[in-house]
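Data first, discussion second: the structure below is written as structure tokens.
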Amino acid sequence: MVILQNIAKYILTLFLILGLVFSSGVFTVLLYAKVTGKEFLAEPASVVMAEANEGKAAKPADEKPQPPPKPASAMLDAPVVKQLPELPPGCEIVSLTMLLHYYGVNKSKMELVKEMVKDPTPAKWENGQIVYWGNPNTGYVGDVTGKSRGFGVYHSGLFPTLKDNVPTAVDLTQSDFDVIERQIANGFPVIVWTTIDYAVPKKWVTWDTPIGPIETTFMEHAVLMVGYDEQHVYVNDPLSGKKSHPIAKQQFLATWEAMGKQALSYH
């Protein structure tokens, strides 16, 4: 019996010693964590974040949303207005007249002629050639009525008249042609510069102006673009009076680019 009691005391003593060792170790860990701010059992935040982000592809910082698909074709029913007989060299202001009629501003071409910005610089001739005249980027050059020599006006010279009548006017010059077609698809006709015969000019002329020399062609022309498809561009031509007139797209693009990719519209 005495032997059994002694064995029991030894076992109890052993368990007490083991308990003290374990509790001392836990206390040491807790004390270390309190002092250092570190936890032995906590998983590092960087590991957790890495696992959370695992499998997610990083997006480039400069990634831009892609525009929606463009319809293969579009056509607008804009009214046609003729420049003849009152305005033989007035294709630009008459194209603007058609755009405004479609927009809902029912001013006549003759009313808009009065509003159009003009460059009154008179022409100077030498050896049968014009050597000094106005600049179409400033305003209409020459006599739009055709009573004396008239030339035309470019996008920056015509834009103020468009802006005065349509607050949301936009100059799309130098845009990609895809932008022009999307304007049509969204319901906005576009004034575009081309040539009278829709051919790239073979003859160019240069004269000096108050703001520097300009190279251009007397074949310069402006029309109202109202439609497109895969093969053609459709325009209202103020000179011929044709409505939704089809022109081979590649042919038209060549002349539009030759004339500086000029375009005016609105949003």
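Read-outs throughout are calculated quantities, based only on the coordinates presented, and are distinct from any laboratory measurement. A quick note: this is a predicted structure, and the numbers were derived from the prediction, not measured. Methodologically, a virtual Cβ is constructed for each residue, glycine included, from the backbone with ideal geometry; neighbour enumeration extends over all protein chains shown.
The residues of the stretch 227-257 that are in contact with a helix residue (DSSP H, G or I) (Cβ under 9 Å, 6 or more places away or on another chain) and in a loop (DSSP other than H, G, I, E, B), listed by number, are Asp229, Glu230, Gln231, Asp237, Pro238, Leu239.
Comparison of Val117, Val141, Val113 shows that the only residue that is in contact with an Asp or Glu (Cβ under 7 Å, 6 or more places away or on another chain) and either of a type outside the set (D, E, K, R) or closer than 16 Å to Pro88 by Cα (or both) is Val141. Among the conditions (1) in a loop (DSSP other than H, G, I, E, B); (2) surrounded by 15 or more Cβ atoms within 10 Å (Cβ to Cβ); (3) more than 24 Å from the chain's Cα centre (by Cα), Lys261 misses just one, which is (3).
Here is a yes/no grid of residues against (1) within 19 Å of Met259 (Cβ to Cβ); (2) assigned to a loop (DSSP other than H, G, I, E, B):
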| residue | (1), (2) |
| --- | --- |
| Gly134 | yes, yes |
| Lys147 | no, yes |
| Phe151 | yes, no |
| Arg182 | no, no |
| Phe188 | no, yes |
| Pro201 | yes, yes |
| Val223 | yes, no |
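Which residues, taken from the stretch 204-241, are within 24 Å of Ala185 (Cα to Cα), exposed (fewer than 15 other Cβ atoms within 10 Å of the Cβ) and touching a residue at least 60 places away in the same chain (Cβ under 8 Å)? Answer for the stretch 204-241, where residues must be within 24 Å of Ala185 (Cα to Cα), exposed (fewer than 15 other Cβ atoms within 10 Å of the Cβ) and touching a residue at least 60 places away in the same chain (Cβ under 8 Å): Glu230, Gly241.
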